[in-house]
Amino acid sequence: MKPTQDFTAQNLFWMKGRKISESIKKNAPIDKAGWLELARETEEKIALGTFRFVGLFASNASGKPALSTCNAADALVLRKINGNIRRAYGIRQTQRAQAVKLARTALSEQIPKGIISLDLKSCFESITPRKVTEKLRRDAKVSTQTIHLLELFLSQAKKFGTNKYTRGLPRGILVSSTLAELYLKELDNRIARMEGVYLYLRYVDDILVMTSRPSQAALKEISGIIATQDLLLNAAKSRILDAGCLCAFDCSHSTGKCPCRSKCICRRTPDNLDFVDYLGYRLIFSTGSALRNPACYAMIAQSKAERTKKRIYLAITNFKKNKNFALLSDSLRYLTSNVTIDKSSHRSRLSSGIAYTYDQYEEPKSPHRFMDCSLDSLDKFLRTKIRKLSVSTPLTYMQRRDLFKNSFVYGHKNKHRASFSQSRSLEIKRIWTNGK
């Protein structure tokens, strides 16, 4: 039997899923019978109009105010609302790896191109919930019961957060991501239909556009579209540039048949390589006369490399303060390895790490001017910090040997794995969070 949009006990029970979130685990039923009983009680409350979200509390997500719930019934209803909307509109989250592959393919093409990399500022906080619920009512794709429960949740969410969520969508709740995707669909369609745009990618609030027009002209039009959506651009994280020779957009010859190309000696940069940061990668591509033999490489975005270096520094600083060598060793191993976080069920094991996050990592031929974004640069930084630690703090031979075993290059190339309990993983992450 397939799920419907109705908030029946069976449909709500299906929302339990395999994974129980940490916030509701303490108050959640312990067996199937308990979950079924909870689903029946929730169905009855919804039918009588007495259901309320009673477990909401203010939390934190990536340093920003967020919302969570400690109530299992809340979680079931919110997941059902989210599922109804996603199925009705066919909302699918863009896959990060696929988006990066498409970007690299487009950047590797010979045609001159304008490249616009944008970041939407405070995306969730800029979306008015009322506008999204009004769209749901106009489209009539989801049940009125779904909309009623969503509005009930958004009304109760106003009591939380630094801005009381009177304007924006609350972070930390899955349905907010779905509502944001729904709201941004119009933005996607309008930019993708712009003259000259042949690639448009958006992953949450990161946007990459490639156009046959100069980037400055395209940016002006895109900025206007974004403004009409009541959204803001983060200028500090946005970048525009043109790939090709200096006259690429003024040449009257047709693309691919230009007799000027073979004579072009244009150098847009000293090495005819330029870059754009996208989804944690620094994408390095050919420009100028090198566009005759284009290529696109993928390294680590400089901001991500700096964040990793800061975490190394914080781990060592924490050791100097607390003298907990085991925690220092685990912290560096966590950063340089591919991590498995142990769960009670084998199916729910989570894997992450340098080889997963940067599976498309590829450097230009050495020497190149992007070494600060390389794995080797991270290794050099790590080794330098360990040597300085060895001088300032007495370490045994075996302790130094243990620390020097860690390597970003080795962890990525050989997909070296390490396993940590969930409690240990949280302990390591607290070092980085408390050090900010």
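The values are calculated or read from the model by the stated rules, or taken from the named source; none is laboratory data. Model, not experiment: these values are computed from the prediction. Cβ sites come from the backbone with ideal geometry, for glycine too, and all protein chains shown count toward neighbours. These accessible areas exclude ligands, DNA and RNA; they are computed on the full protein's heavy atoms, side chains included. Shrake-Rupley method; radii C 1.70, N 1.55, O 1.52, S 1.80 Å.
Structure notes:
- Here Glu37, Glu43, Glu125 are screened, and the one residue that is within 30 Å of Gln216 (Cα to Cα) and acidic (Asp, Glu) is Glu125.
- For the stretch 384-398, filtered to residues that are part of a helix (DSSP H, G or I) and open to solvent by less than 50 Å² (accessible area, probe 1.4 Å), the residue that is nearest to Asn318 (Cα to Cα) is Leu389.
- If you go through the stretch 124-151 and keep only what is open to solvent by less than 30 Å² (accessible area, probe 1.4 Å), touching a residue at least 60 places away in the same chain (Cβ under 8 Å) and outside any loop (DSSP other than H, G, I, E, B), you end up with Ser126, Thr146, Leu149, Leu150.
- Looking only at the stretch 14-41, and only at residues there that are free of Cβ contacts under 8 Å to residues at least 40 places away in the same chain and closer than 20 Å to Leu149 by Cα, the one that is most open to solvent (accessible area, probe 1.4 Å): Arg40
- Any chance Ile91 is at pLDDT below 95, closer than 21 Å to Asp188 by Cβ and open to solvent by less than 10 Å² (accessible area, probe 1.4 Å): yes
- Yes/no for Glu186 being surrounded by fewer than 20 Cβ atoms within 10 Å (Cβ to Cβ), assigned to a helix (DSSP H, G or I) and touching a Gly at 6+ places or on another chain (Cβ under 7 Å): no
- The set of residues in the stretch 189-205 being of a type in the set (D, E, K, R) and out of contact with any strand residue (DSSP E or B) (no Cβ under 6 Å at 6 or more places or on another chain) consists of Arg190, Arg193, Glu195, Arg202.
- Checked against the criteria, Asp139 counts as in contact with a Phe, Trp or Tyr (Cβ under 9 Å, 6 or more places away or on another chain), among the acidic types (Asp, Glu) and within 30 Å of Leu233 (Cβ to Cβ).
- Selection status of Asn60, touching a Cys at 6+ places or on another chain (Cβ under 7 Å) and not in a helix (DSSP H, G or I): no
- Counting only strands (runs of 3 or more DSSP E) wholly contained in the stretch 281-380, the ones carrying 1 or more residues that are open to solvent by less than 50 Å² (accessible area, probe 1.4 Å) and modelled with pLDDT under 95 occupy 281-286, 338-341, 350-353.
- Breaking point among (1) in a loop (DSSP other than H, G, I, E, B); (2) over 23 Å from the mean Cα position of the chain (by Cα), for Ile20: (2)
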